[in-house]
1. Report, in debye and to the nearest 20, how large the dipole of the chain comes out about its Cα centre when Lys and Arg carry +1 and Asp and Glu carry -1 on their Cβ.
2. Using the heavy atoms of the protein chains alone and a 1.4 angstrom probe, what is the accessible area of region 1-146 per residue in square angstrom?
3. Mind jotting down the three principal axis lengths of region 1-79 based on Cα atoms? Whole angstrom, largest first.
4. Considering only protein heavy atoms and a probe of 1.4 Å, how much of the accessible area of region 12-118 is carbon and sulfur, as a whole percent?
5. Rounded to two decimals, what is Rg over Rh for the chain when you use alpha-carbon atoms and the Kirkwood radius?
6. Once you've got the GNM for the chain with C-alpha springs shorter than 10 Å, pick whichever of Tyr29, Tyr126, Tyr80 has the biggest mean-square fluctuation.
7. Putting +1 on Lys and Arg Cβ atoms and -1 on Asp and Glu Cβ atoms, find which of Gly161, Ser71, Tyr29 reaches farthest to the positive end of the dipole of the chain.
8. On alpha-carbon atoms, Rg over Rh for region 32-74 using Kirkwood Rh?
Amino acid sequence: NGQVLITGGLEAATNSTTAAVPSNLGQLYDPVSASWFFTTGYLNTARSEHTATLLPNGDVLIAGGFTSSPSEPITSAELYNPATQTFLVAGSMNSARELQTATLLNSGFVLMAGGTFVSPETEELYNPATATFTTTGSSLSTAIAAHTATLLNNGMVLLTGGENPGLAVLSVSELY
């Protein structure tokens, strides 16, 4: 609908002795009026370092991230419905992930790849028709997080860069 959805993230600490915590808020930016407003609904799971992917039907798949401190990745996913401004539970990934990528494929499926603490480095697909995640049967040759994923004209996805579990910067690339 032309608006920009912002979900989750970290809420500022309330004082100098508390840590920032993941948020369950959703906000919309309307470029026509250049204004921000809160969604009427809240995320079912507060989260940060997650993905948000616009699906062909207009819903937004929000998946993974972390919800506690210390940072522990999660498997949960939910769908944002722009017509009702609400969030509905949308199943769970097979692997807990944060700092992963989510790429909408030409098939309408969403490829979830990489992320911290994913072992083995499996990839999985989200099927919007069934609201389920299934593993692809393939895995990354290198554990990566905070990387990029680009859908190429030929339908393949280029995964590149990022960091490994030891936080070392990587100069790797793989094709899905």
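1. Working: 2 positive and 12 negative charges, 29 e Å.
Dipole of the chain, to the nearest 20 debye: 140 debye.
2. Values: 7010 Å² over 146 residues.
Per-residue value: 48 Å².
3. 40, 28, 17
4. On the way: 2940 of 5030 Å².
Its accessible area is 58 percent carbon and sulfur atoms.
5. Numbers: Rg = 16.3 Å, Rh = 16.8 Å.
Checking Rg against Rh, the ratio lands at 0.97.
6. Checking each option, the largest mean-square fluctuation is seen for Tyr29.
7. Tyr29
8. On the way: Rg = 13.2 Å, Rh = 12.4 Å.
Using Cα coordinates only, the ratio equals 1.06.
The values are calculated or read from the model by the stated rules, or taken from the named source; none is laboratory data. This one's a predicted model, so the numbers in the text were calculated from it and none came from an experiment. Backbone-built Cβ (ideal geometry, glycine too); neighbour counts: all protein chains shown. Protein only, heavy atoms only, side chains kept; ligands, DNA and RNA dropped before computing areas. Shrake-Rupley method; radii C 1.70, N 1.55, O 1.52, S 1.80 Å.
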